[in-house]
1. Restricting to the stretch 166-184, what's the tally of residues that are modelled with pLDDT of 95 or more and either touching a strand residue (DSSP E or B) at 6+ places or on another chain (Cβ under 9 Å) or under 21 Å from residue 241 (Cα atoms) (or both)?
2. Which residue, of 199, 229, 206, 244, is under 27 Å from residue 123 (Cβ atoms) and either surrounded by fewer than 16 Cβ atoms within 10 Å (Cβ to Cβ) or in contact with a Pro (Cβ under 6 Å, 6 or more places away or on another chain) (or both)?
3. Which ones in the stretch 96-124 are in a loop (DSSP other than H, G, I, E, B) and on the phi < 0 side of the Ramachandran plot?
4. In the stretch 91-117, which residue that is surrounded by fewer than 24 Cβ atoms within 10 Å (Cβ to Cβ) and of a type in the set (Phe, Trp, Tyr) is farthest from the chain's Cα centre (by Cα)?
5. Pairs, please: C-beta under 7 Å, at least 6 apart or cross-chain, first residue of a type in the set (Asp, Glu) and in the stretch 184-208, second not in a helix (DSSP H, G or I)?
6. Going through the stretch 2-55 one residue at a time, which ones are at positive phi and either in contact (Cβ under 8 Å) with a residue 24 or more places away in the chain or part of a helix (DSSP H, G or I) (or both)?
7. Identify the single condition in (1) outside any loop (DSSP other than H, G, I, E, B); (2) under 13 Å from the mean Cα position of the chain (by Cα) that residue 260 does not satisfy, given that it satisfies every other one.
8. Could you give every pair whose Cβ atoms fall below 7 Å, whose first residue belongs to the stretch 78-100 and is more than 16 Å from residue 146 (Cβ to Cβ), and whose second residue is acidic (Asp, Glu) and surrounded by 24 or more Cβ atoms within 10 Å (Cβ to Cβ), counting only separations of at least 6 or pairs across chains?
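The values are calculated or read from the model by the stated rules, or taken from the named source; none is laboratory data. This structure is a prediction, so every number in the text was calculated from the model and none was measured. In this analysis, Cβ positions are derived from the backbone assuming ideal geometry, glycine residues included, and neighbour counts consider all displayed protein chains.
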Amino acid sequence: MTRPTHPLIIPSALSTVLDSVTLIDTRWQMGEATRRPAYYAGHLPGAAWVEFEGVMADAPGAGGRHPMPSRDVFAAAMRAAGVCNDRPVVVYDDGNSLAASRCWWLLKYFGKEDVQVLDGGLAAWHRAGLPVTTELPDVAPGDFHPTDPGAALLDADGAAEFAADRLLLDARPADRFAGQNETVDPVAGHIPGAVSAPALANLTDAGTFLPPDDLALRFTGLGIRTDSAVGVYCGSGVQATHLALALEASGIRPATSVYIGSWSHWITDPERPVE
């Protein structure tokens, strides 16, 4: 398989290159300890299971609900899943690409560029009539080793600077941005100066991403151009990576920095302002 030029891949295209990519199943649901039983019940042929909690996020605490994982822990999990430096990776989840986008972003952050997300996830694969299996793959350990960051990470001060001087997008649903219906974090509201840009609004009803032109229209409407510098955050750094994926899939591909700690980290300091 040649080096991918787009961050998303559709089921029909993936089905023709299964033997030349490393597949990662990273299904996750907030509030559930694990989705591993769903993997055992059926997954894409050859896909390796990677847990979200503990691999793609460190333990909840001062860093937020889903802080950055340990570099060594993440890299070891990727090698155990067969990730190699010279072999493309495709990540998928149940369908809305939230967990898959987190894995996609982390791989890019740790220097892996040839990684894509299965657009629409397992649900789209099923709709295409493609096969799943309960057979567990015999995964040969990979040789992936993290290199210099290939994606930009923001801390709280950096997020505040983006909100004041550039553009900081809040990827949570609009009601949570407005401080309404906050059932996840103990403080409602948003970072002052941030702009609401709900990540899941970039999906169709079927859970696939909107066409690139439609995504581009949404983002240019926010004043985003190819030479823009954009910061993104959400509740705990999951929808933020989904928004980062949409920005790249749009074709605009601005310089995008993710505040992984996001709102759940921002509110750990009562001195930080809330709007």
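1. The total comes to 13.
2. Values: 199 fails: either surrounded by fewer than 16 Cβ atoms within 10 Å (Cβ to Cβ) or in contact with a Pro (Cβ under 6 Å, 6 or more places away or on another chain) (or both); 229 fails: under 27 Å from residue 123 (Cβ atoms); 244 fails: either surrounded by fewer than 16 Cβ atoms within 10 Å (Cβ to Cβ) or in contact with a Pro (Cβ under 6 Å, 6 or more places away or on another chain) (or both).
Step by step, each of 199, 229, 206, 244 is checked, and only 206 is under 27 Å from residue 123 (Cβ atoms) and either surrounded by fewer than 16 Cβ atoms within 10 Å (Cβ to Cβ) or in contact with a Pro (Cβ under 6 Å, 6 or more places away or on another chain) (or both).
3. Of all residues in the stretch 96-124, those in a loop (DSSP other than H, G, I, E, B) come to 96-97, 110-114, 119-120.
Matches in the stretch 96-124: 96, 110, 112, 113, 114, 119.
4. Looking at residues that are surrounded by fewer than 24 Cβ atoms within 10 Å (Cβ to Cβ) and of a type in the set (Phe, Trp, Tyr), I get 110.
5. Filtered contacts from the stretch 184-208: 185/235; 185/267.
6. Pass one, the stretch 2-55, residues at positive phi: 31, 42, 46, 54.
Listed by number, the residues that qualify are 42, 46.
7. Exception for residue 260: condition (1).
8. Between residues of the stretch 78-100 that are more than 16 Å from residue 146 (Cβ to Cβ) and residues that are acidic (Asp, Glu) and surrounded by 24 or more Cβ atoms within 10 Å (Cβ to Cβ), the close pairs are 92/25; 99/93; 100/93.
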